[in-house]
Amino acid sequence: MNRGVFVGIVAALALATSSWAVTAKICIDAGHGGSDPGATGYGQQEATNVLNTSLKFKAWLDKDTNDGAGGGSWSVVMTRTSNVYVSLQGRCDIANNAGANRFMCIHNNAFNGAAYGTETFAVTNPSSTSADLRNKVQERMLQAWGRYNRGNKTAGFYVLMNTSMPAELAELAFIDNAGDSVYTGSSTHQDSAAKYHMYAIQNHYGLSAYAPNTAATYVVDNSGSGFSSSSNWWTSTSTAGYYGSNYACRGTGSVSDAATFTASLAASGNYAMSAWWTAGANRAASAPYILPDGSVVNKNQQTGGGAWSSLATKSLGSGARSISLSCWTTAGYYVIADAVKFVGPN
């Protein structure tokens with residue numbers, strides 16, 4: 001049994017037992033680059049397409065590693081991260097010297113403009129581990145792009161022959177085919193290919209396909225469409241450090257007249273919420289922010305201006321969610337409604 005197969009079996013067993021039991025090292029190889037542009041077609045260049053896809057694949061693996069709710073743990077090695085030339089042996093050296101557990105190579109295909117579809121290769125007479133990796137990638141790419149299934153194949157490609165770990169090479173689709181080129185050159189489809197490559201390596205290591213949470217940032221400024229207030233609030237720029245073009249303010253007192261920030265959240269989950277104001281001695285020392293669940297957080301607006309200040313982290317449903325700033329606090333001061341931010345789901 002060669003070293004690559006042994007390492008692969010050990011890592012696979014460990015990850016199958018627990019997604020956090022071990023970090024598998026994945027070498028991602030974006031084909032061609034620099035003086036070697038690869039195939040061309042329909043205004044596209046293979047070297048550019050596969051680099052974009054490979055970087056998105058790395059980003060998905062990083063997200064998976066950072067999301068402890070599921071998925072796996074990955075250490076990613078790239079053979080290139082920009083449009084540079086790397087020799088075939090150089091690519092193998094990067095993977096071998098890093099002690100990578102798997103080698104995953106991404107290409108676009110080309111032939112005569114009429115050929116089309118997706119095919120994935122392992123080395124001639126592959127180990128069962130390499131064959132499984134190849135098969136998982138092919139299966140997932142067919143799901144991602146829905147192109148014609150050209151099958152699981154073998155070949156004596158240099159990078160498959162000269163890497164010391166289980167390896168596969170994916171020809172995602174034909175860059176010179178009218179139908180396939182819609183997928184090869186699209187950023188959205190490149191991201192889909194990357195995501196489904198992540199599913200493939202998860203499945204290869206005995207894990208269920210898991211899409212990690214990807215936190216989004218929603219900022220609602222007082223001058224934006226998500227802000228509302230009565231005419232008793234006015235805008236000002238007299239104090240520096242405001243977010244956007246100005247801030248809204250109002251005198252405090254025993255009256256219900258809140259300014260409201262509303263964001264439309266795309267997904268349910270935990271969201272970190274924060275607020276921005278301009279600080280001053282005439283600001284409220286206990287400005288009451290009313291959170292989407294009805295709880296109240298009081299913030300001292302006399303300090304901490306010109307920066308985000310944490311309000312709370314709460315579990316929120318998707319859809320329109322609001323944070324209001326009330327003026328009902330100690331009279332004789334001002335409350336500043338400048339901006340709020342939701343970050344999640346986390």
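A few points about this structure:
- Flag if TYR218 is touching a Ser or Thr at 6+ places or on another chain (Cβ under 9 Å), at pLDDT 95 or above and among the aromatic types (Phe, Trp, Tyr): yes
- Residue in region 306-327 that is farthest from SER264 (Cα to Cα), counting only those that are out of contact with any Pro (no Cβ under 8 Å at 6 or more places or on another chain) and among the aliphatic types (A, V, I, L, M): ALA307
- Among the residues listed as GLY146, GLY117, the single one being among the small types (Gly, Ala, Ser) and surrounded by fewer than 17 Cβ atoms within 10 Å (Cβ to Cβ): GLY146
- Residue pairs whose Cβ atoms lie under 7 Å apart, separated by 6 or more positions or on different chains, with the first residue in region 169-192 and in the same structural domain as PRO37 (by TED's automatic domain parsing) and under 23 Å from ALA59 (Cα atoms) and the second in a loop (DSSP other than H, G, I, E, B) and charged (D, E, K, R), are ALA173/ARG147; TYR183/ARG147.
To keep it simple, each residue is scored yes or no on (1) of a type outside the set (S, T, N, Q); (2) on the phi > 0 side of the Ramachandran plot; (3) out of contact with any Cys (no Cβ under 6 Å at 6 or more places or on another chain).
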| site | (1), (2), (3) |
| --- | --- |
| ASN282 | no, no, yes |
| SER286 | no, no, yes |
| GLY294 | yes, yes, yes |
| GLY304 | yes, yes, yes |
| SER322 | no, no, yes |
| TRP328 | yes, no, yes |
| PRO345 | yes, no, yes |
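- Selected residue [at pLDDT 95 or above and either acidic (Asp, Glu) or assigned to a loop (DSSP other than H, G, I, E, B) (or both)] from ALA209, ALA193: ALA209
- Any hit, region 332-340, residues being touching a residue at least 60 places away in the same chain (Cβ under 8 Å) and under 17 Å from ALA272 (Cα atoms): yes
Rundown of residues vs (1) more than 14 Å from GLY117 (Cα to Cα); (2) assigned to a loop (DSSP other than H, G, I, E, B), yes/no style:
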position	(1), (2)
LEU133	yes, no
LYS136	yes, no
GLU139	no, no
LEU142	no, no
ARG147	no, yes
GLY151	no, no
SER164	yes, yes
ALA170	no, no
ALA173	no, no
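- Residue in region 39-47 that is under 19 Å from the mean Cα position of the chain (by Cα) and of a type in the set (Phe, Trp, Tyr) present: no
The values are calculated or read from the model by the stated rules, or taken from the named source; none is laboratory data. The model shown is predicted, which means the values in this text are computed figures rather than measured ones. In this analysis, Cβ positions are derived from the backbone assuming ideal geometry, glycine residues included, and neighbour counts consider all displayed protein chains.
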